[in-house]
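**Student:** To start, I am sharing the structure in question, which I have written as structure tokens.
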Amino acid sequence: MKNRSYFRKMTFALMAATVFSGACQSNTQEGDASENQDAVAENQDATAQDGQYLTQPLVSDIYTADPSAHVFDGKIYIYPSHDIDAGVQEKDDGSHFDMRDYHIFSMDDPNGTITDHGVGLDIKDIPWAGRQLWAPDAAFKNGTYYLYFPVKDKKDVFRIGVATSSSPTGPFTPQPQPIAQSYSIDPAVFTDTDGTSYMYFGGIWGGQLQRWSSGAYTENDEYPADDKPALMPKVARLSPDMLSFSGDVQDVQILDKDGKHLLAGDNERRFFEAAWVHQYNGKYYFSYSTGDTHNIAYAIGDSPVGPFTYQGVLLKPVQGWTNHHSIVEFKGKWYLFYHDTQLSGKTHLRNIKMTELKYNPDGTIQTITAYNE
Ligand code: FUB
């Protein structure tokens with residue numbers, strides 16, 4: 001499965017992990033800022049010499065990943081996964097990503113400090129949840145904040161749930177059941193200029209999307225042949241109360257410049273997981289991870305439900321197996337949030353980061369190289 005070895009920088013990773021373990025004691029609301037800053041500063045010393053990393057971790061007292069960033073009320077809020085070492089053996093189905101809660105973070109300014117608001121949702125409070133609380137997203141509508149999350153149910157099938165709060169930092173109260181007709185992982189919610197909200201979701205391999213090809217769940221993995229269209233991410237319109245789908249689940253079509261579907265064997269470009277949608281200059285940008293080829297790629301369309309035409313890579317592979325991002329505008333600049341494994345050197349113990357994202361005059365995105373092997 002791993003065509004990029006995450007052990008390749010083990011010496012460096014061990015050095016970073018040593019720094020991390022010294023900073024690991026604080027896991028409380030607001031954290032211990034001075035301890036955090038010391039750990040990050042030491043990491044910066046360790047990395048500045050060879051310029052291996054474009055940016056430094058935003059959080060260094062817990063492991064964080066899959067950052068979904070939003071601007072609510074003039075502040076940046078970040079909704080990441082909270083990686084833990086649960087002692088589960090690494091497997092291709094991602095069982096070792098055995099996360100159990102979400103911390104929520106905020107920043108007043110991209111160059112300022114980051115605040116940990118503590119646990120916003122815990123798996124033990126989700127009545128239908130089994131295991132593996134994966135990449136979440138958030139939205140705001142009609143005075144309520146919504147946290148969308150994928151988790152395996154008690155039959156070990158990924159579903160997507162929603163929880164609500166009157167505050168962007170929670171605590172969030174989950175609905176008693178998963179969203180009807182939802183499945184697989186990595187929900188991302190985009191609200192269009194007309195106020196309509198859409199959820200994008202799906203992920204292959206450990207994300208189980210390949211088990212829904214017939215429309216119903218099957219334990220068998222059913223992948224298309226390499227010369228057939230790749231499995232497509234999904235999109236559904238959300239109901240006005242943001243708690244259910246108001247229309248059918250549809251495929252998100254990602255086409256090449258000749259209007260043909262990307263093929264299942266086109267691992268460098270086809271969808272794997274981690275969908276995100278944003279709007280720029282009237283166009284809709286659908287970005288995603290190519291998984292086993294580790295890129296964040298993007299495609300552009302004229303409608304929030306596609307089709308989208310593939311454009312290229314916006315973030316090259318980072319250290320670690322997974323690559324997962326979000327894109328947000330704040331005070332006239334655009335930012336990419338992403339993660340890598342700088343602090344731990346381990347696939348399932350990641351740390352979130354951010355950097356500025358820039359567009360070319362034609363609307364294409366300048367490719368970011370955040371890690372030099
Ligand atoms: O964090 C668990 C999973 O790893 C996410 O859901 C995927 O997008 C990948 O980042």
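**Student:** List Arg270, Arg131 from most exposed to least, where exposure is judged by having the fewest other Cβ atoms within 10 Å.
**Tutor:** With the fewest neighbours first, Arg270, Arg131 line up as Arg131, Arg270.
**Student:** Note down the relative contact order for the stretch 189-308 as a percent, whole number, built from C-alpha pairs under 8 angstrom at least six residues apart.
**Tutor:** After rounding, I find 22 percent.
**Student:** Separate question: Say we join alpha carbon atoms closer than 10 Å with springs in a Gaussian network model of the chain; which of Ile160, Ile76, Ile104 then has the biggest fluctuation?
**Tutor:** Its mean-square fluctuation being the largest, the pick is Ile76.
**Student:** Now for a different question. What's the exposure ranking of Ile254, Ile62, going from fewest to most Cβ atoms within 10 Å?
**Tutor:** Ile62, Ile254
**Student:** Among 151-157, 108-114, how do they line up by average Cβ neighbours within 10 Å per residue, starting with the highest?
**Tutor:** 151-157, 108-114
**Student:** Right, something else. Give me Tyr298, Tyr77 sorted ascending by neighbouring Cβ count inside 10 Å, so fewest comes first.
**Tutor:** Tyr77, Tyr298
**Student:** So what is the relative contact order of the stretch 173-259, in percent, for Cα pairs below 8 Å that sit 6 or more residues apart?
**Tutor:** Once divided by the residue count of the stretch 173-259, the mean separation gives 25 percent.
**Student:** How compact is the stretch 4-357 by the rule of thumb for globular proteins, expressed as Cα Rg over 2.2 N^0.38 Å?
**Tutor:** 0.93
**Student:** Subtracting the Cα-Cα distance from 0.36 nm times the residue separation, let me have the gained length for Asp192 to Asp122 in nm, one decimal.
**Tutor:** 22.2 nm
**Student:** With the crude spin-label approximation of a point 7 Å out along Cα→Cβ, what separation in nm comes out for Glu329 versus Ser303?
**Tutor:** 2.3 nm
**Student:** Moving on to the next point. Treating only the Cβ atoms of Lys and Arg (+1) and Asp and Glu (-1) as charged, compute the dipole magnitude of the stretch 4-357 about its Cα centre; round to the nearest 20 debye.
**Tutor:** Roughly 520 debye for the stretch 4-357.
**Student:** If I stretch the segment between Thr364 and Glu268 completely, what's the gain in nm (0.36 nm per residue apart, minus their alpha carbon distance), one decimal?
**Tutor:** Answer, rounded to one decimal: 32.7 nm.
**Student:** Right, here's the next one. Could you give the nm distance between label points at Glu356 and Ala225, where each point is 7 Å from its Cα heading toward the beta carbon?
**Tutor:** Each label point lies 7 Å from its Cα, and together they span 5.0 nm.
**Student:** Still on this structure, I have one more. So what is the relative contact order for the chain, in percent, with contacts set as C-alpha pairs under 8 Å and at least six apart?
**Tutor:** So the answer I get is 16 percent.
**Student:** Taking 25 Å as R0, compute the FRET efficiency from the Cβ-Cβ separation of Asp73 and Ser244 and round it to 0.05.
**Tutor:** FRET efficiency, Asp73 to Ser244: 0.45.
**Student:** Which value in deg cm²/dmol, rounded to the nearest 500, describes the helix-derived mean residue ellipticity at 222 nm for the chain, given -39,500 (n - 2.57) per DSSP H run of n ≥ 4 and division by the residue count?
**Tutor:** Dividing the helical sum by the residues of the chain leaves -2500 deg cm²/dmol.
**Student:** Given points 7 Å out from each Cα along the Cα-Cβ axis, report the Asp153 to Val88 separation in nanometres with one decimal.
**Tutor:** Each label point lies 7 Å from its Cα, and together they span 1.8 nm.
Read-outs throughout are calculated quantities, based only on the coordinates presented, and are distinct from any laboratory measurement. Just so we're clear, the structure is a prediction, and the values are computed from it rather than from any experiment. Backbone-built Cβ (ideal geometry, glycine too); neighbour counts: all protein chains shown.
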